[in-house]
Each structure stands twice: as structure tokens, then as C-alpha cells.
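Worksheet: one structure, shown below.
The values are calculated or read from the model by the stated rules, or taken from the named source; none is laboratory data. Owing to the predicted nature of the structure, the values given are computational and were not obtained by experimental measurement. Don't worry about glycine lacking a Cβ; one is built from the backbone with ideal geometry, like all the others, and counts go over all protein chains shown.
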Amino acid sequence: MIKIAPSILSADFANLERDIRRIAAADYVHVDVMDGVFVPNISIGIPVVQSIRKVTDMFLDVHLMITQPIRYVEQFCDAGADLVTVHLESDTEENIHAALDKIHAKGKKAGIVLKPATPAEAVLPYINKVELILVMTVEPGFGGQKFMADMMPKVTAIRGYIDEMNPACELEVDGGVAPDTCKTCIDAGANVLVAGSAVYKAADIPARIAELRG
Ligand code: DX5
Ligand code: ZN
């Protein structure tokens with residue numbers, strides 16, 4: 001069963017509660033956190049996650065695009081995240097392991113994220129201790145970018161590692177996922193699809209969510 005995780009980066013932040021209700025047919029709420037350093041954009045942070053938590057029971061998938069996420073992962077867990085993902089490129093291997101441990105110690109799910117230039121093998125030191133691996137299909141930082149189809153061999157390679165080493169681990173893709181690219185992602189082995197503009201720009205959001213399931 002394919003899961004859909006609409007990114008609220010494409011929602012109207014002045015009407016966030018309304019825009020979260022609009023995606024009730026989806027599986028996860030994808031929350032993009034950007035610090036203006038790890039990526040060249042600034043989005044939302046801990047107080048917004050707290051506010052979202054108060055108005056929805058949906059699963060909150062918090063994607064941290066920040067340097068040294070170990071500094072903040074516990075606060076995102078306390079704010080109400082169900083899953084926190086950290087970029088492999090955002091700190092040393094030792095600190096990424098420690099960040100994942102801190103998320104687990106809070107009783108939450110932990111995941112790792114790969115930028116487009118990071119190879120599939122980079123997941124191997126972490127694969128046995130994560131509940132989700134996220135492969136970026138755009139350069140992180142902005143919604144509405146073009147889908148990078150050349151990331152599909154990486155998705156397939158990581159699907160192979162997951163099936164062999166940690167079959168319960170989910171495999172998510174993020175960036176440019178739309179009706180014309182969702183099947184490619186599913187065929188490559190992804191089971192969670194993030195979609196921002198493709199969901200929020202749709203005239204019929206529940207129908208678009210159904211369409212993205214492939
Ligand atoms: C990009 C974010 C994505 C983004 C996806 O840095 O991580 O979640 O919002 O937006 P679309 O689906 O419009 O590419
Ligand atoms: Zn994201």
C-alpha cells in the first residue's frame with residue numbers, strides 16, 4: 001500500500017489548520033523545516049509543529065533540512081513529531097547516529113535523508129536503526145521543482161538494501177512527485193510519496209491524493 005505525504009510547504013501558512021484538514025485522505029503530514037544554512041531557504045520550526053499537533057491526529061513526518069540536527073531533534077519530538085528525518089550530509093556520522101538515538105529515546109520514529117549527490121551506499125551505516133529512508137528527487141530547499149528521474153536507480157538500490165537488511169523500513173521520495181512521476185517512483189521501490197504542489201494546486205485534493213497512489 002502506497003502512502004501519500006503532502007508537504008505543507010505548499011499550503012497557505014495563514015490557513016494551516018484548514019489546509020491540513022484538506023489532506024485528511026492522505027497518510028502523513030510532511031513538514032519541511034529549513035534553517036537558511038543547510039539549504040538556501042527558511043521555512044517553519046518548532047512552534048509551528050506544536051500548533052499543528054494541537055489540531056490534527058495525523059502522522060507528522062518532520063523533514064529537517066538544518067545543520068547539526070542533533071541540537072534540535074528532541075525539541076521536535078516534544079513538539080509532536082511522529083517521525084523525524086535528518087540529512088546524512090548535515091553532520092558527522094557519529095553525530096547522525098547520536099541524533100537518531102535521541103529521536104528513538106523520545107519514543108519516535110527516526111529516518112535519514114539523502115540529497116541528490118549522496119550515493120545509495122551512504123545509508124549502510126544507518127540502515128539497521130532507521131524506520132524510514134528519504135531519497136530527495138530535487139535539491140532540497142524549495143517546492144515546485146522538476147523531478148529528477150535520474151534518482152530512480154538510487155531508489156532501487158536502497159530498496160534492495162532494505163529488503164535484505166531491514167524490510168520494515170519505509171522508503172520515501174520527495175520533490176517533483178506528481179501524477180506523471182508517481183508511478184516511476186513506485187516502480188523503483190518507493191512506498192511513501194511526498195507531494196507539495198501536486199496536492200495543493202489540485203482542484204480536487206482527495207482525488208489527487210488517490211491518483212498519486214498509482
Ligand atoms: C523540498 C522539500 C519538499 C517540497 C516538495 O526541499 O523537502 O518536501 O516541499 O515540493 P514539491 O512536491 O512541490 O516538489
Ligand atoms: Zn521534504
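A few notes on this one:
- Single unsatisfied condition, residue 94 versus (1) under 18 Å from residue 131 (Cα atoms); (2) out of contact with any Gly (no Cβ under 9 Å at 6 or more places or on another chain); (3) assigned to a helix (DSSP H, G or I): (1)
- Number of the condition not met by residue 211 [criteria: (1) within 22 Å of residue 44 (Cβ to Cβ); (2) among the charged types (D, E, K, R); (3) in contact with a Pro (Cβ under 7 Å, 6 or more places away or on another chain)]: (1)
- Filter result (within 21 Å of residue 78 (Cβ to Cβ) and buried (at least 21 other Cβ atoms within 10 Å of the Cβ)) within the range 114-131: 130
- Of the strands (runs of 3 or more DSSP E) lying entirely inside the range 115-214, those containing at least 2 residues that are within 14 Å of ligand 2 (Cβ to nearest atom), of a type in the set (A, V, I, L, M, F, W, C) and within 18 Å of residue 62 (Cα to Cα) span 132-136, 192-195.
- Taken over the range 97-141, residues that are within 17 Å of residue 28 (Cβ to Cβ) and not small (Gly, Ala, Ser) amount to 13.
- Checklist (1) small (Gly, Ala, Ser); (2) more than 14 Å from ligand 2 (Cβ to nearest atom); (3) in contact (Cβ under 8 Å) with a residue 24 or more places away in the chain applied to residue 111, failing item: (2)
- Contact map, the range 161-182: residues that are aromatic (Phe, Trp, Tyr) paired with residues that are modelled with pLDDT of 95 or more and loosely packed, with under 13 Cβ neighbours inside 10 Å, Cβ distance under 9 Å, separation 6+ or inter-chain. Pairs shown: 161/121; 161/124.
- Test: residue in the range 106-114 that is outside any strand (DSSP E or B) and within 14 Å of ligand 1 (Cβ to nearest atom): no
- Within the range 165-192, tally of residues that are near ligand 1 (Cβ under 9 Å from one of its atoms) and within 23 Å of residue 21 (Cβ to Cβ): 3
- Within this structure, residue 173 passes the test of being surrounded by 14 or more Cβ atoms within 10 Å (Cβ to Cβ), touching a Leu at 6+ places or on another chain (Cβ under 7 Å) and within 28 Å of residue 40 (Cβ to Cβ).
- Selection status of residue 154, surrounded by fewer than 16 Cβ atoms within 10 Å (Cβ to Cβ) and either free of Cβ contacts under 8 Å to residues at least 12 places away in the same chain or of a type in the set (Lys, Arg) (or both): no
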